[in-house]
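First the structure, in the form of structure tokens, and then the observations on it.
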Amino acid sequence: MAHIHLEDGSFSLLWVVTWWLLTLLVIGICLFLVRKRGKEKGKTVTIAAFCTAAAFAIFQISIPVFGGIHLNLTPLIGILTGPFLGSLVVLILNLLSAAIGHGGFGMAGANILVNVIEVIVAYLAYRSMKNLVHGGFARAGIATFVALFAGNAAMIGIILVSGIQGVSQSPAQVMYGLSLLAAINMGVAVIEAIITGFVVGYLEKVRPDLLGGIRGKT
């Protein structure tokens with residue numbers, strides 16, 4: 001959803017390194033916490049593998065608008081696998097995508113960071129609404145929309161802070177373009193929220209154990 005579709009070289013080397021270092025720090029913390037929690041349940045690892053495959057396929061379906069927009073299922077990944085394992089999933093997704101030319105390796109650090117934010121926010125929002133929102137469909141849909149909003153905000157912040165090399169536009173013009181892109185992304189976020197809601201709502205009925213046993217109020 002919020003993916004920085006810029007070629008390598010768009011950010012200066014300083015910012016490329018900065019975002020990669022921050023991303024590696026976050027991933028390192030996630031690895032530490034996964035190990036600290038002990039061995040992940042087999043079904044959780046299996047779900048993570050399926051999420052990786054499905055999201056990688058979705059990643060490659062790009063709508064050629066404003067440099068490309070697409071679904072990416074990061075909120076669903078967060079809801080199903082949790083924030084720590086989910087962050088490792090988006091690490092793999094972005095590296096595989098960069099390997100086939102969907103974004104560059106230099107930009108992957110910033111993109112991983114944006115997607116990690118989406119994973120974590122979706123997980124926290126979904127869990128925090130357990131006793132507030134009725135049904136998995138609504139809870140997952142709201143969590144998805146909130147997470148993708150956070151991801152778009154992070155994307156805009158990263159680009160504004162880093163600056164784009166070779167662009168003669170003023171900061172106000174860049175902000176206008178990014179705001180327009182974010183608005184389009186949030187329109188697509190509604191579609192992703194509905195899809196995620198249906199998936200979670202279905203799993204809630206047939207396999208609530210895959211959602212940590214959380215059932216919506218009925």
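Being free of Cβ contacts under 8 Å to residues at least 60 places away in the same chain, closer than 27 Å to Ser12 by Cβ and either of a type outside the set (Val, Ile, Thr) or in contact with a strand residue (DSSP E or B) (Cβ under 7 Å, 6 or more places away or on another chain) (or both) is true for just one of Ala154, Ala150, Ala125, Ala110. Which residue is that? Don't jump to the end; show me each part of the working.
Values: Ala154 fails: free of Cβ contacts under 8 Å to residues at least 60 places away in the same chain; Ala125 fails: closer than 27 Å to Ser12 by Cβ; Ala110 fails: free of Cβ contacts under 8 Å to residues at least 60 places away in the same chain.
Just a single option satisfies the conditions, and that option is Ala150.
Just to be sure before I move on: is Val16 modelled with pLDDT of 80 or more, crowded, with 20+ Cβ neighbours inside 10 Å, assigned to a helix (DSSP H, G or I) and not acidic (Asp, Glu) in the structure I sent?
Numbers: modelled with pLDDT of 80 or more: yes; crowded, with 20+ Cβ neighbours inside 10 Å: yes; assigned to a helix (DSSP H, G or I): yes; not acidic (Asp, Glu): yes.
Considered against the rule, which asks whether it is modelled with pLDDT of 80 or more, crowded, with 20+ Cβ neighbours inside 10 Å, assigned to a helix (DSSP H, G or I) and not acidic (Asp, Glu), Val16 comes out as yes.
Quick check on Ala140: is it within 24 Å of Leu71 (Cα to Cα) and assigned to a helix (DSSP H, G or I)? Lay out the reasoning, then the answer.
Working: within 24 Å of Leu71 (Cα to Cα): yes; assigned to a helix (DSSP H, G or I): yes.
Yes: the conditions hold for Ala140.
Results for (1) aliphatic (A, V, I, L, M); (2) assigned to a loop (DSSP other than H, G, I, E, B), shown as yes or no for each residue.
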| residue | (1), (2) |
| --- | --- |
| Phe145 | no, no |
| Gly157 | no, no |
| Gly166 | no, yes |
| Ala189 | yes, no |
| Glu192 | no, no |
| Val199 | yes, no |
If you go through segment 157-176 one residue at a time, do you hit one that is closer than 19 Å to Gly78 by Cβ, in contact with a Leu (Cβ under 8 Å, 6 or more places away or on another chain), in contact (Cβ under 8 Å) with a residue 40 or more places away in the chain and surrounded by 15 or more Cβ atoms within 10 Å (Cβ to Cβ)?
-> no
Unique match (being in a helix (DSSP H, G or I), modelled with pLDDT of 90 or more and in contact with a Pro (Cβ under 8 Å, 6 or more places away or on another chain)) among Ile120, Ile112, Ile79, Ile29 = Ile120
Which pairs have Cβ atoms under 9 Å, sit 6 or more apart or on different chains, and link a residue in segment 4-25 that is within 19 Å of Gly166 (Cβ to Cβ) and aliphatic (A, V, I, L, M) to one that is in a loop (DSSP other than H, G, I, E, B) and modelled with pLDDT of 95 or more?
-> none
Within 13 Å of the chain's Cα centre (by Cα), crowded, with 24+ Cβ neighbours inside 10 Å and under 18 Å from Leu6 (Cα atoms), is that true of Ala143?
-> no
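The values are calculated or read from the model by the stated rules, or taken from the named source; none is laboratory data. Keep in mind it's a predicted model, so treat the numbers as computed, not measured. Methodologically, a virtual Cβ is constructed for each residue, glycine included, from the backbone with ideal geometry; neighbour enumeration extends over all protein chains shown.
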